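The values are calculated or read from the model by the stated rules, or taken from the named source; none is laboratory data. Please read all numbers here as calculations on a predicted model, not as lab measurements. Here the Cβ positions follow ideal geometry from the backbone for every residue, glycine too, while neighbour counts run over all protein chains shown.
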């Protein structure tokens, strides 16, 4: 068996274990307010951590990335619509790129 197939099998088993282990060990409902609030915010923080560097480095011009970030935060705050926020970020990059 080559190294690529062995790597794929190890990766598949790791992902499967990460998804199955909580079902095996957490049988009762979670009552801790701290743990509940922590688990509630994990998806948002993970998305922010993956998205923030990508926004800043999307172009060679750092000013365009910062403009897209500021425009995106403002658009998301007021519209709360992902499509409008994405279009606003793209427009900010385009406008700053013109200068």
* Asked: Which of the residues belonging to the range 73-85 are modelled with pLDDT under 90 and within 17 Å of residue 47 (Cβ to Cβ)?
  -> 80, 81, 82
* Asked: Which residue out of 71, 64, 17, 12 is without any contact (Cβ under 8 Å) to a residue 24 or more places away in the chain and within 30 Å of residue 98 (Cβ to Cβ)?
  -> 71
